[in-house]
Structure formats: C-alpha cells, structure tokens
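Enquirer: The structure follows.
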Amino acid sequence: MTAQILDGKATAAAIKSDLTARVAALKEKGVTPGLGTILVGDDPGSQKYVAGKHRDCAQVGIASIQRELPATATQEEIEAVVRELNEDPACTGYIVQLPLPKGIDENRILELMDPDKDADGLHPMNLGRLVLNEPAPLPCTPNGVLTLLRQYGVETKGAEVVVVGRGVTIGRPMPLLLTRRSENATVTQCHTGTRDLASHLRRADIIVAAAGSAHLVRPEDVKPGAAVLDVGVSRGADGKIVGDVHPGVAEVAGFISPNPGGVGPMTRAQLLVNVVEAAERSVG
Ligand SMILES: Nc1nc(=O)c2c([nH]1)NC[C@@H]1CN(c3ccc(C(=O)N[C@@H](CCC(=O)O)C(=O)O)cc3)C=[N+]21
C-alpha cells in the first residue's frame, strides 16, 4: 500500500478557479484586487517564486504591482517602497519577499507595512490577532497545509500532530492554527533542541516537516497510515528540490504531500485568498 497523494497542484487549481469568480464579482462592484511584490536582490530562487506569484495573479484576474530593488538597496530605500505601496490604492495587498539581504532589518520592514495590506499574514499585528483569535489574514503556508488536510478528509480533531521546525513563516504559526477550536489538534513542536525526535514522530497522526533538513523524516519513524506534509526545501547537488521527508515514507504513510507539487502551490494559492478576502472586506 502506498500513501494517497495530497495533491497541492490540483487543490491550488481548484482554489484559483473559485477565486476567479470572486474577483469577477469584485470587479462588478468596481474593486480590482492588486497584489504587490517587493523583491530585493537577484537571488534566482526568489525571482522564480515572485514570477510565479504574478503568473497566478494573471490567471485569476488580480492586478500585479512589481517593485524590484538591487541587492545594494539600503534600509531607507526599501522602506520608501513599503510606504509607497501602503499608500497606493491600486495595491490592495502585498508581500516583501524574504529573506532580505544581510544588514537589512527585516522585522522593521514588516512592521512598517499596513497590516490591512499584509498578504502573507506575517505582520506582527496579524500574528498577534492570530494569537488573540481575532480575524486576520493567515500565514500562507500553514493555512495551505490545513486546506490540503481538509481537502483530503484528514481529521485534525483530536489528532496528535508533530510540527518539526520553529521558523517564523511556518513552524511558529502552524501550532497556533492547529490548536484553534475549529481544528482541535494536539500539537507537539519539535526543533533542533528536541532530545529524541524519532520518539515524537512515531506517535504522530500528522507530521508537518518544516525544518529545512533533507530527508529528516525517515520511514521507520512514521506511524503506518499517518499523514505527512513535506514543507522543507533544500537543494541537491543537481539543484533539484530535496524535501524534509525521505521518499520511503510513501510506503508507510496513509497520506503524503509531494515536494514539489504539494505545499508550495498551496502557499501561493493562500496568498491569493488573502488578497481577495482583504478586497472583499473593503467592499463590506
Ligand atoms: N514574504 C515571503 N512570502 C513567502 O511566501 C515566501 C517568501 N517570502 N520567501 C520564500 C518562500 C518560499 N516560498 C515558496 C512558494 C511557492 C513555492 C512553489 O510553488 N514551489 C513549487 C515548485 C517550484 C520549483 O520547482 O522550484 C512546488 O512546490 O511545486 C515554493 C516556495 C514562498 N516564500
């Protein structure tokens, strides 16, 4: 028995088709959602992700606003572009592609964003709203993980979930989403300081692997039938994506998200969801 594939590409396509109709309805009311991106530097990976986001926008009818700065841009220059997008009525939501070049104070840049235009859900105000159970744009990758589980009928209620990683974009917000009353999961957060990762993984009904450590989750550490979500992105010597989940896990797990083709496309789809929801809130 091999695991059922949690197909992020197909699920993202279905979300985008729903969003296309909602964007059309917004346009009838005179509102065109516009997604801005701020890209600093010339990292080929980041350029590729940002290009993908604009392709997604074109597909669903969201306008694109692209701002690019050289790797030598100063803190002040980046902040000036943030202020510009805060004030631009055509830009209803935007992201600052991370990571920013060394020497730039990333948190200061994020704090400067208008929280109501935060398409990533990573503004401190919105992370705070998440902690306080107030409505807010949700962090895209954790929300994409949940949407994928829901799509395939994987029950989170009462489930033992192990999240591996404590990064700001996934590891830290993921348990906040999973422990809301609507999801009701029991979460263990593991990280590089965890004494015995395998003992935690073996008990998990759901594993979210977001450590960025190639093939960290091995088949012998996965409970038969568990759902395993591979969020990690490392690069092999050939430049191909290597996930946090060993390929042999597909023989043990009940559900597995491929990588690529799993959580990545879901992240992009949830970004569009945040932009469209913010525009819908603005028309009331
Ligand atoms: N402010 C900010 N927000 C982000 O959401 C953000 C960021 N900065 N910085 C970088 C990471 C990375 N990230 C990805 C999104 C989609 C794919 C994706 O769609 N990947 C495809 C494959 C792409 C390939 O083949 O290289 C897939 O998994 O199938 C990957 C990575 C968003 N990030």
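Enquirer: Do we find a residue being in a helix (DSSP H, G or I) and over 30 Å from Arg235 (Cα atoms) anywhere in region 36-50?
Expert: Looking for residues that are in a helix (DSSP H, G or I) and over 30 Å from Arg235 (Cα atoms), one finds none in region 36-50, hence no.
Enquirer: Of the residues Val252, Val242, which is more than 9 Å from the ligand (Cβ to nearest atom), in contact with a Pro (Cβ under 6 Å, 6 or more places away or on another chain) and over 30 Å from Ala25 (Cβ atoms)?
Expert: Matching residue, one of Val252, Val242: Val252.
Enquirer: Now for a separate question. Which ranges mark the strands (runs of 3 or more DSSP E) fully within region 120-212 that have 2 or more residues being under 27 Å from Leu272 (Cα atoms)? Full working, then the answer.
Expert: Details: elements: 160-164, 186-190, 206-209.
The strands (runs of 3 or more DSSP E) meeting that bar are 160-164, 206-209.
Table: residues versus (1) modelled with pLDDT under 95; (2) charged (D, E, K, R); (3) closer than 30 Å to Thr74 by Cβ.
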{"residue": "Asn107", "(1), (2), (3)": "no, no, yes"}
{"residue": "Lys117", "(1), (2), (3)": "no, yes, yes"}
{"residue": "His123", "(1), (2), (3)": "no, no, yes"}
{"residue": "Gly153", "(1), (2), (3)": "no, no, no"}
{"residue": "Lys157", "(1), (2), (3)": "no, yes, no"}
{"residue": "Glu160", "(1), (2), (3)": "no, yes, no"}
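Enquirer: Can you name the number of the only condition in (1) within 17 Å of Ala279 (Cβ to Cβ); (2) of a type in the set (A, V, I, L, M, F, W, C); (3) surrounded by fewer than 16 Cβ atoms within 10 Å (Cβ to Cβ) that Cys57 fails?
Expert: (3)
Enquirer: Also, quick follow-up: Can you tell me which residue among Thr32, Thr20, Thr2 is assigned to a loop (DSSP other than H, G, I, E, B) and under 20 Å from Ala90 (Cα atoms)?
Expert: Thr32
Enquirer: Step by step: first the residues of region 58-80, then only those that are within 14 Å of the ligand (Cβ to nearest atom) and in contact (Cβ under 8 Å) with a residue 40 or more places away in the chain, then the one that is nearest to Thr20 (Cα to Cα). Which residue is that?
Expert: Gln59
Enquirer: Confirm whether Thr92 is surrounded by fewer than 16 Cβ atoms within 10 Å (Cβ to Cβ), away from the ligand (no atom under 15 Å from the Cβ) and among the hydroxyl-bearing types (Ser, Thr, Tyr).
Expert: no
The values are calculated or read from the model by the stated rules, or taken from the named source; none is laboratory data. Note that this is a predicted model, so its numbers are computed, not measured. Note: ideal-geometry Cβ built from the backbone for every residue, glycine included; neighbour counts use all protein chains shown.
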